[in-house]
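Enquirer: Below is the structure I would like to discuss, written out as structure tokens.
The values are calculated or read from the model by the stated rules, or taken from the named source; none is laboratory data. This structure is a prediction, so every number in the text was calculated from the model and none was measured. Methodologically, a virtual Cβ is constructed for each residue, glycine included, from the backbone with ideal geometry; neighbour enumeration extends over all protein chains shown.
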Amino acid sequence: MASGLATRQAATVSSAHRMSLGAISQQFLQQVETVTGLPVHVEEDERLQPPLLAKVQIARRGVPLHRVAYHPSARAMADYLIAFQCSFVLRLHSLPPSERFDLADAPGAQPDPMDWVRAHAASAHLPPDRQHAFAEFLRTSLVSMLRSMPVGICVDHDLRTRFPELREVQDQALRRQIDTHAALFRPEVQRSVPDHPWRLSLAMNAVFAKFWGEELGQPGWMLPYHAAGIAARGEALLRQLRERRSPNPSQDRALIDSWAEELGLKAWLQWIPYSP
């Protein structure tokens, strides 16, 4: 009873919010609801932290709806952001049920993040609970990038091809992302983050800078990655992306696995069947 009431209330709020959205986001929301048979709740969420402008929570394990949230500061980009987030739901559900998987932690503790934290001058003397929290932050940040960035580039490229009317706001979002990534080069950030995860993050960001720099005529976006000695590793990831990039999601798992292998993160992860 309580769950049903909460769902109806969420649907009412979402319906009111959706009336203000543009035609493309309405199209994507309707498509997700048709394909999955579940409603999509849309909301603004000021708790989202950079570089996250928006996020989607796909219905899992009996949750009766999908949720799409975007930051109020990105309201002018809402049509694009909703289309982008909905695309992840559609990619998953376009696969046969037997081929739908979620990326999850591999069983057993992974020591790498704690080793990084204990060996790093800025965190070596933190209390154990703060060390564990910092290690978990590093791990989840890297896994989140690994899960979202390669497939996200595929999604963005597909949207750019099919919806040229979104390109102006898409370009704004891409440039905003480039600026956010540049924060990793600040001296205070470099001092605060262990070198190895810092370089892993930069390698993935380098792919984003290279791919979209070529698309948007901004080769200078790669200059700091060359200066940091990261460009070659980014190029290796980019080759994997170009080999497997497709509007069809059948290659998404292989693409993520190839990046995990290249970055030395494969042992952290496993694929488990998606449970709606």
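Enquirer: So C86 ticks every box in (1) closer than 30 Å to E168 by Cβ; (2) at pLDDT below 95; (3) not aliphatic (A, V, I, L, M) but one. Which box is left unticked?
Expert: All conditions are met except number (2).
Enquirer: Can you tell me which residues in region 18-38 are in a loop (DSSP other than H, G, I, E, B) and either under 16 Å from R67 (Cα atoms) or aliphatic (A, V, I, L, M) (or both)?
Expert: If the condition is that a residue be in a loop (DSSP other than H, G, I, E, B) and either under 16 Å from R67 (Cα atoms) or aliphatic (A, V, I, L, M) (or both), then M19, L21, G37, L38 are the ones that fit.
Enquirer: Condition first: among the acidic types (D, E), surrounded by 15 or more Cβ atoms within 10 Å (Cβ to Cβ) and at negative phi. Can you find one or more residues in region 122-139 that meet it?
Expert: no
Enquirer: Let me ask another. Across region 192-250, what is the number of residues that are more than 30 Å from S98 (Cβ to Cβ) and hydroxyl-bearing (S, T, Y)?
Expert: Count: 3.
Enquirer: Among the numbered criteria (1) without any contact (Cβ under 8 Å) to a residue 40 or more places away in the chain; (2) not in a helix (DSSP H, G or I), which single criterion is violated by T140?
Expert: Single failed check for T140: (2).
Enquirer: Here's another thing I want to ask about it. Kindly indicate whether any position in region 240-249 is surrounded by 13 or more Cβ atoms within 10 Å (Cβ to Cβ) and modelled with pLDDT of 95 or more.
Expert: The answer is yes; a qualifying residue exists.
Enquirer: Any residue that is part of a loop (DSSP other than H, G, I, E, B) and surrounded by fewer than 13 Cβ atoms within 10 Å (Cβ to Cβ) - is there at least one of those in region 88-102?
Expert: Checking region 88-102: at least one residue is part of a loop (DSSP other than H, G, I, E, B) and surrounded by fewer than 13 Cβ atoms within 10 Å (Cβ to Cβ).
Enquirer: Specify which of the listed residues (A173, A135) is among the small types (G, A, S), closer than 27 Å to I230 by Cα, touching a Pro at 6+ places or on another chain (Cβ under 8 Å) and in a helix (DSSP H, G or I).
Expert: Being among the small types (G, A, S), closer than 27 Å to I230 by Cα, touching a Pro at 6+ places or on another chain (Cβ under 8 Å) and in a helix (DSSP H, G or I) holds for just one of A173, A135, which is A135.
Enquirer: To continue, here is another question. What number goes with the only condition from (1) surrounded by fewer than 19 Cβ atoms within 10 Å (Cβ to Cβ); (2) in a helix (DSSP H, G or I) that R233 does not pass?
Expert: Condition (1) is where R233 drops out.
Enquirer: Tell me the residue from F163, F208 that is surrounded by 16 or more Cβ atoms within 10 Å (Cβ to Cβ), more than 26 Å from L265 (Cβ to Cβ) and either touching a residue at least 12 places away in the same chain (Cβ under 8 Å) or outside the structural domain of Q49 (by TED's automatic domain parsing) (or both), please.
Expert: Every option except F163 fails the conditions.
Enquirer: Could you run through region 120-134 and say how many residues are closer than 18 Å to Q190 by Cβ and within 23 Å of the chain's Cα centre (by Cα)?
Expert: 1
Enquirer: Here's something else I'd like to know. Give the residues of region 237-263 that are among the acidic types (D, E) and touching a residue at least 24 places away in the same chain (Cβ under 8 Å), sorted by residue number.
Expert: Within region 237-263, D252, E262 meet the criteria.
Enquirer: I'd like to check something: does region 111-118 contain any residue that is more than 30 Å from I58 (Cα to Cα) and either buried (at least 19 other Cβ atoms within 10 Å of the Cβ) or touching a strand residue (DSSP E or B) at 6+ places or on another chain (Cβ under 7 Å) (or both)?
Expert: Yes, there is a match, as at least one residue in region 111-118 is more than 30 Å from I58 (Cα to Cα) and either buried (at least 19 other Cβ atoms within 10 Å of the Cβ) or touching a strand residue (DSSP E or B) at 6+ places or on another chain (Cβ under 7 Å) (or both).
Enquirer: Could I ask something else about it? Which condition number does I256 fail, the rest of (1) outside the structural domain of R175 (by TED's automatic domain parsing); (2) closer than 13 Å to R147 by Cα being met?
Expert: It fails just one condition, (1).
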